[in-house]
Every structure is written in C-alpha cells, then in structure tokens.
1. Considering 70, 95, 50, 66, which residue is under 30 Å from residue 151 (Cα atoms), at pLDDT 85 or above and within 32 Å of the chain's Cα centre (by Cα)?
2. Could you identify the single residue in 91, 99 that is assigned to a helix (DSSP H, G or I), touching a residue at least 24 places away in the same chain (Cβ under 8 Å) and closer than 23 Å to residue 219 by Cβ?
3. Conditions: (1) touching a residue at least 24 places away in the same chain (Cβ under 8 Å); (2) under 19 Å from the mean Cα position of the chain (by Cα). Residue 30 meets all but one. Number of the miss?
4. Return the residues of the range 52-81 that are over 30 Å from residue 211 (Cβ atoms) and either touching a strand residue (DSSP E or B) at 6+ places or on another chain (Cβ under 8 Å) or loosely packed, with under 13 Cβ neighbours inside 10 Å (or both); say none if nothing qualifies.
C-alpha cells in the first residue's frame, strides 16, 4: 500500500470510534437485536447461576444437618413433631411425607398382615413422588442454562455473518476497499461472536456443575429414602404380628 493510502486509512480509522458503545450504536437493527439478545441471555444466566448456587448449597447443608439428627437416635415421632409444620430441606420433606402416610395408615388401629404390604407400597410411592418433586424444584431453570450454552455461539455467529455481509455491501456500494470502510462492520461482527462466547461459556460450566451436584444430591436422597423405608418396614412387620 502506498504511503498516501496508508495515511488515508489511518485518518479514516482515527475518525471512527471503535468503543463497545459506539459499535452497538452504529450496528444495524439485526446486529443490535443479536447483541441485545445475547446480553439479556447472559444477565439472566448469571442470575440463575447465583440463585442455584445458593439454593443447592443451602439444601445440601440443611440435609446434612437433618441427617445427623435423624441418625442420632432421636424418636421418629418427636422428630416429626418438631419439623412437620415446616420442613426446610428436601430430605426433611421426604421424611415428613413418609411419616404422614405412616400415621394415616394407623389411624383406624393396628394393621393386619394382609394390609402391611399395601402400607409399605404406599409409603414407598409417597417418598418416590416427593423426592422427584423436590429434585425437580432444584432443577428448575437449569434448562435455560443448557439452551444458552448450546445456542449462544450460533446466535453470535449469525450476528458475525450478518455484519460481514454488511461490510461487503458497503464495499460494493462505495466501490472502496479502504480499511476504514469495512472496519466498522467487521468489528461489529467480531463483537457479536465474542459476546456469544461470553454468554455461552459460563452457562455451560454452570450447567455441568449443577447437574453433577444435583445428581449426587439426588442419589443421597434416594439412599436416605431406601434406608428410611427399611426402618418403617421393620416397624410395620413388628406391628403386624
């Protein structure tokens, strides 16, 4: 490139503002829509990340505390009386649901051997349904993180392609390949790609972490439900004799 052309390109570049706000302001409606969509998805993803991090951690800690009390040898009836009005974690909710069904089964008196199997089946069903519901509440909105993680890069890529197309149209319209002519469109395009990655990467990392945490927590709840079911089954066999 000749010195005068270089000077003209440099002058053209200097006259343009390539800050983030300027790029957004200069972008056309399609690119602006892509950028705003990605920004909104990123903010909502971070809101979910903070909410889930605190909620899952709190549920896990309170479940650990409840489990310690449960295995401390305290009477199940006393424990039920203390927490039945307001269980504060999924494990306690499973316990209260099972104990409530247990008590209902004996409201009419003792249970005969023929009805013991039915009572055992109902208690297991109640715990299974309650466990599934509680885990489902913890999993709520995780699907949005998965969606952002899988689609945000492609949304950003769409903005990139659109911005490059605009740059080529500017070249054709002005019949000018000067760097100052195409730089704004290319900068917008690259910014859309970067923003797509900024939205996608935290969402993917958080989704994988929360999925693993919930998988371990769900297994812990299932183990507790199985152990509690065995305890109630032994007591049921003793009462049915």
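1. Numbers: 70 fails: under 30 Å from residue 151 (Cα atoms); 95 fails: under 30 Å from residue 151 (Cα atoms); 66 fails: under 30 Å from residue 151 (Cα atoms).
It is 50.
2. Numbers: 99 fails: touching a residue at least 24 places away in the same chain (Cβ under 8 Å).
After ruling out the rest, the residue left standing is 91.
3. Of the numbered conditions (1) touching a residue at least 24 places away in the same chain (Cβ under 8 Å); (2) under 19 Å from the mean Cα position of the chain (by Cα), the odd one out for residue 30 is (2).
4. Applying the first criterion (over 30 Å from residue 211 (Cβ atoms)) to the range 52-81 yields 72-81.
Residues satisfying the conditions are 72, 73, 74, 75, 77, 78, 81.
The values are calculated or read from the model by the stated rules, or taken from the named source; none is laboratory data. All values derive from a computational prediction rather than experimental measurement. Ideal geometry is used to build each Cβ from the backbone, glycine not excepted, and the neighbour counts take in all protein chains shown.
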